[in-house]
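Working notes, beginning with the structure itself.
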Amino acid sequence: MSQFAKRLTQVLMSAVIATLALGSQFAAALEVGDKAPDFSLPASDGKTYSMSQFLGNKPVVIAFFPKAFTGG
């Protein structure tokens, strides 16, 4: 096996292991039915909103669009 193929295999295996390890940590952090933690995010209107602003007032839906409105 070439040196490049060995290195590529090592990098890919490291990425898979890291993804599995991190994914299990995040999945275990919240369960279905848990309340969302307070956090703040910038919105498309330029303002920053926090979860606590809406707590008890109205339902909240968070939509995430990877690479939306970007060149990549």
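The values are calculated or read from the model by the stated rules, or taken from the named source; none is laboratory data. Computed from a predicted model, the values in this text were never measured in an experiment. No Cβ is skipped: glycine too gets one built from the backbone with ideal geometry, and neighbour counts run over all protein chains shown.
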Checklist entry - Taking A43, is it at pLDDT below 85, touching a strand residue (DSSP E or B) at 6+ places or on another chain (Cβ under 9 Å) and exposed (fewer than 10 other Cβ atoms within 10 Å of the Cβ)? => result yes
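Okay, residues lined up against (1) in contact with a Lys or Arg (Cβ under 7 Å, 6 or more places away or on another chain); (2) at pLDDT 80 or above; (3) not in a helix (DSSP H, G or I):
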position	(1), (2), (3)
T9	no, yes, no
L12	no, no, no
V16	no, no, no
L20	no, no, no
Q25	no, no, no
D34	no, yes, yes
D38	no, yes, yes
A68	no, no, yes
